[in-house]
Structure formats: structure tokens, C-alpha cells
1. Can you tell me the length gained on complete extension of the stretch residue A:149 to residue A:10, counting 0.36 nm per residue apart and subtracting the Cα distance?
2. So, with +1 on the Cβ of K and R and -1 on the Cβ of D and E, and no other charges, what is the size of the charge dipole of the protein assembly as shown about its Cα centre, to the nearest 20 debye?
3. Treating cross-link reach as a plain straight distance, find the lysines whose alpha-carbon is under 25 Å from the alpha-carbon of residue A:131, omitting any fewer than eight places away in the same chain.
4. Check each of the trypsin sites (Lys or Arg not before Pro) in the range B:1-92 and keep only those in coil by DSSP with at most 15 other C-beta atoms within 10 angstrom; list them in order.
5. Per the Kirkwood formula on distinct C-alpha pairs, the Rh of the range A:172-316 is how many angstrom?
6. In whole Å, how far is the Cα centre of the range A:196-244 from that of the range A:364-443?
7. Considering just Cα atoms, how many Å³ per residue does the convex hull of the protein assembly as shown enclose?
8. Once the Cβ-Cβ distance between residue A:169 and residue A:70 is put in as r, and R0 is 30 Å, what FRET efficiency do you end up with, to the nearest 0.05?
Amino acid sequence: MNGAVDQRLESILEALLAIARQDFKARAPVGDDLDVVDAIATGINLLAEELDGEVASRREMEQAYEALKRTQAQLVHAGKLAAIGEISSGVAHEINNPAGWVLLSLAVAEREVKSARAAVNALDFTPDELKQLLTKVDSALADAREGLERISTVAGDLRTFARMDGEQLEPLDLNEVVRVSCRIAGPAYRSRARLHLDLEQLPPVTGNRGRLGQVVMNLVVNAAQAVPDNDAERQQIEVSTRLMGERAVLVVEDSGPGIAAALRERVFEPFFTTKPSHVGTGLGLSLVREIVRAHAGEINVAQSRFGGARIEVVLPLCEDDAEPVTGRGPESGPTQENRLRILIVDDELMLLKALRNYLSISVDVVLADGGQEALALLEHDANFDLVLCDVHMPTVDGVAVYEGVSERRPELIDRFVFLTGGALTPRARDFLARSRPKIVHKPVQAEALSSLLKLAERRARRRAMAR
Amino acid sequence: MVSARTRNCSFVLDERGFVLARVDQGMEMDIDSARAAVRTTFELAGEKCVPVLVDLRGIRYQSREARDYLSSSEMKAKFAAVALLIESPVSQVVGNFFIRLRQQPVPTRLFLDEKLAVDWLLGPVP
């Protein structure tokens with residue numbers, strides 16, 4: 001091989017090595033001979049150009065994929081907003097009704113007390129008349145109490161959805177999630193169909209309470225939207241759960257028109273909907289599938305025995321024998337024999353007073369107005385059987401009180417119970433997730449307090465025996 | 001004989017009913033010259049869809065954009081069939097790249113012999 005050819009081949013080799021280093025813009029020199037050596041150079045150049053084009057196409061595809069992922073995230077967010085919208089309207093309805101009758105009942109009580117006062121002032125009443133007035137006041141106050149309990153239940157149900165964005169998984173009772181979600185979804189179905197719950201006792205599943213609540217609610221709202229309007233007596237929605245081997249099965253079925261077999265796979269596509277354009281976003285079922293998959297579950301569509309759609313969600317059970325987290329304390333009540341001593345820490349004075357009024361019949365209550373006061377008090381007095389402490393307080397919050405106690409009064413840590421209304425700072429949320437202390441949710445219910453007192457008393461007895 | 005010319009290619013409308021397009025020696029076909037060649041061929045044929053014999057023997061390079069354009073479905077309305085005449089090693093490489101890497105919208109074949117190419121073009125519809 002002569003020197004000139006060698007030189008041309010070397011140049012081609014250089015270009016080839018550059019291309020191998022992924023420099024697809026490199027080109028081999030092509031002479032004027034258009035001979036074999038030039039053909040090799042041309043072939044290499046053509047290949048490099050094709051590779052360069054492929055790389056550019058791949059980059060474009062990657063960019064398109066990223067854009068698609070962003071759009072999908074936006075869709076998911078839109079779906080969450082839609083779910084929040086459903087929840088809000090349900091909650092507004094559920095709270096407004098009892099709030100209305102609480103106000104009316106209080107007005108009645110006020111009016112009757114006013115009459116009684118006037119009669120007493122004028123000394124113009126018979127004992128029977130006074131009894132009658134007091135009975136009316138009792139009745140009005142009982143109604144108001146019932147209304148507030150109803151509101152309190154709704155607020156409690158809302159906690160299910162409070163962490164809809166969180167991904168925290170915990171062992172939970174699927175039936176409880178179903179009951180709560182169906183209550184919240186009440187306004188969506190009550191005027192359209194009768195809802196029947198058929199819940200078989202289940203071991204706990206591992207899941208995110210808010211997400212699974214969203215699944216149930218979406219399915220129930222979808223079912224309600226599917227049945228014909230103005231025929232609530234005949235239309236049915238059934239939500240059932242059952243155990244199938246190592247899995248829990250949730251089924252929501254309705255008596256609507258159903259979904260044609262050819263469309264059953266498509267109902268999970270974003271924006272696919274068989275409903276009129278003003279009903280729903282078309283995102284509900286695609287979100288439901290996404291959530292179910294994130295729980296390692298499956299979702300299927302079939303025909304319901306009522307003639308409508310039947311959506312079946314299969315979820316794996318907890319792998320261990322974990323107890324479901326329900327947010328409720330053990331069932332027990334306070335005793336009258338040994339008076340417990342409890343510290344209540346909160347920055348809400350009305351709540352402090354109400355708790356003292358309620359509890360001081362059976363226990364000794366010490367109040368601390370905020371975290372700072374609590375820490376100062378605990379410095380010289382730690383003789384408490386129970387510390388009830390609000391999480392969200394200005395300056396020194398519940399987490400800071402807990403940390404202070406664990407440092408200076410570690411013996412009290414087991415007796416520490418947090419009160420929370422659900423509005424948590426990220427710091428408090430992290431702390432609660434990490435430390436998993438006992439929590440009582442606001443509004444505080446009498447039953448929850450009784451349970452706490454029972455528990456505190458049992459522990460106090462155990463401590464006394466140990467001494 | 002009707003003929004035409006672009007910057008680096010000459011064209012003749014053969015009386016047998018096809019256009020002969022012959023690239024100049026050392027032609028580097030980019031997207032502009034490809035477009036010009038297609039436009040000239042079509043005009044020369046009286047804007048009729050006729051077979052084309054392309055003498056690629058002098059070609060030195062054909063860009064990716066040119067290949068994409070010449071393989072686009074737009075060609076279906078311009079050419080009935082395309083015979084590519086190759087001879088030099090470089091034209092063989094370019095021709096093979098062209099017809100192997102892209103799906104051609106009209107019947108296209110490579111020929112080393114001009115007579116065989118013309119026979120194929122004028123034969124039964126390929």
C-alpha cells in the first residue's frame with residue numbers, strides 16, 4: 001500500500017475514532033477519485049450522519065416524554081383538586097345541616113330561658129310551668145349537642161382525606177375507610193340511589209388512608225353519577241368487601257347503564273368518560289387505577305348483577321399481623337376511687353376551661369396556657385398521671401414540650417398524649433410520623449377522654465404496684 | 001430533445017417517455033439540490049408522473065436531509081419509478097444507503113448497467 005493511501009486511511013481512521021467517541025459530527029475526508037478509499041470514507045460519513053440524526057431524534061423523544069410526564073403530573077393534580085372539590089361540597093352539606101339545627105336549638109333554649117327568667121322575676125309561674133320550660137330547654141340543648149356531635153363526626157371523617165398528598169403507608173382497616181368515604185360521599189348519592197354496605201370482616205391492608213379513601217369516594221361518586229336521576233328508590237349502589245386468599249376485595253356496583261365490554265379497558269384512560277361533559281373530569285377512574293397500582297393492587301371492570309357497572313379493586317393484605325391504625329384509644333372509663341392528676345397544655349383558653357369543667361369531677365386538673373408555661377411548670381412539678389398537650393401552639397409548640405419533657409422528665413414520656421386539630425407544620429408532621437406518640441384528635445370527644453383516663457389509671461395502678 | 005439544467009445536474013426528457021437525470025462529477029447532494037432536481041424533472045415531464053433514470057455515478061455525497069426528502073411520500077405524485085445508475089465505489093455506497101435505509105415510496109432499484117436500467121423503467125409497471 002502506498003504512502004498516499006496510508007495517509008487517507010489514517011484520516012479515515014481518525015474520523016472513525018471520533019465517531020466512536022460519540023462525536024457524530026466528525027467526517028472522514030473524501031477525495032476526488034471516488035475510489036474504494038473514498039467509498040469507505042463516504043460510507044463512514046453517511047453512517048455518522050444517520051447516527052447524529054438518531055441521537056437528535058432520541059433527544060427530541062426524551063424531551064417529549066418529559067413534557068408528557070409533566071402533563072400527566074398536572075392531570076393528576078387536576079384530579080386531586082376535583083376530588084377535593086367533591087369532598088368540600090360533601091363536607092359543607094354535612095356540616096351546614098347540623099349547624100342549622102344547633103343554631104335553632106340554641107335559639108329555642110335562649111327563648112325559653114328568657115321566658116323563665118321573666119316568669120321568675122314576676123313570680124308568675126306554677127311549678128308545672130317551670131318544669132315544662134326546663135324540659136324544653138333540656139330538649140333544645142340535647143338537640144344542639146347531637147348536632148355538634150354530628151359536626152364533630154364529619155370533622156373526624158375529614159381526617160381520612162387530610163393527607164391525600166402523603167404517601168405514608170400503614171396497616172389500616174379497609175372497612176373503616178369505606179364507611180368514612182361513603183359518609184363523605186353522601187350528598188353525591190343520597191338523592192339518586194340507595195347505598196348498601198356489605199362489609200365482611202377483613203385483616204388489615206397496607207395502604208395510605210387518604211388515597212384509599214379517594215378510591216372509594218371516586219367509585220361511589222362515579223356510581224351515583226351513572227344511575228338515572230329522579231329514581232332514587234329503585235336505583236342501587238352497593239359497596240362490599242370480602243377476603244380472597246391473601247387479598248382484600250372491594251367492589252362498588254351500581255344499577256346504571258353499565259359500561260360496554262369494548263369500552264371497559266378505556267375507562268381508565270385519562271379524560272375518557274361516558275358521562276355528559278358537565279359531569280366529572282374524566283380523570284376519576286384513571287386516578288383510581290394509579291392509586292390502586294401504587295398499592296400493588298389490581299382493578300377490573302365488569303357487569304354488575306344490578307345491570308350497571310361493577311368495579312372490583314383487589315388489594316394485598318398486610319404481610320405481618322399488624323393491628324389496624326384507627327386513631328381511637330382503648331375502650332375504658334375513669335374510676336372514682338383514686339383521683340388521677342393530669343396536666344392539660346393548650347393555647348386555647350376556652351378549650352382548657354371546657355376540659356377542666358368536664359374532667360374535674362373525676363380527676364385533678366392542672367392547666368398550662370401554652371408550651372412555655374407547661375415547661376416552666378414541669379420544672380418543679382412532674383407528678384402527673386397524664387399530660388394532654390396540643391401540638392400546634394405559638395412560640396413553644398407541642399413537639400418542643402415533648403422534647404423538653406423527654407430530656408428533663410423522661411418518666412413522663414409514656415404519659416404524654418397529643419391533641420391535634422389536624423393543621424400540622426411539616427416539622428410536627430415529621431415528628432408525629434417518626435415518634436408515633438399517642439394522639440387524640442380535636443374536637444375532643446367525651447369517649448376519647450374516658451378512654452385516656454382509664455388507660456392512665458391502669459398505668460398508675462401498675463406503677464403503684466411496682467413501687 | 002427537451003433538456004434542462006440545475007447547478008449540479010443535467011436533465012433530458014427521453015423520447016421513450018422517461019427523464020434522465022445525470023449528476024455532475026463530484027456532486028454533493030444537499031437538500032436544496034435535491035429539491036431543485038425534483039422540481040426540474042417534474043417540470044420537464046410536463047408535470048406528469050414519469051419514470052426517472054438517475055445517473056449517480058459522479059456523486060460524492062448525499063445528505064441525510066436529501067435522503068429524507070427523496071424518500072418522502074411527496075415523490076409518489078412526481079415519479080412512476082426510479083432507476084439509480086451506479087458504478088464508482090462511492091456511488092455504490094451512496095445508492096445502497098439511499099435505498100436500504102429508507103422505505104422508498106415508489107419502485108426504486110440500483111443498476112450497474114444503463115440499458116438494463118432503461119429496460120426496467122420501460123417494462124411492465126414495476
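Here, each number is a calculation from the coordinates, and none is a lab measurement. Source: prediction; values computed, not measured. Here the Cβ is made from the backbone with ideal geometry for all residues, glycine too, and neighbour counts use every protein chain on show.
1. Details: separation 139, 0.36 × 139 = 50.04 nm, distance 8.92 nm.
Separation in residues times 0.36 nm, less the Cα-Cα distance, equals 41.1 nm.
2. Its charge dipole is roughly 1080 debye.
3. A:114
4. In loop regions of the range B:1-92 (DSSP not H, G, I, E or B), the sparsely surrounded trypsin sites (Lys or Arg not before Pro) are B:7, B:16, B:48.
5. Here the Kirkwood hydrodynamic radius works out to 15.0 Å.
6. 38
7. 324
8. About 0.70, to the nearest 0.05.
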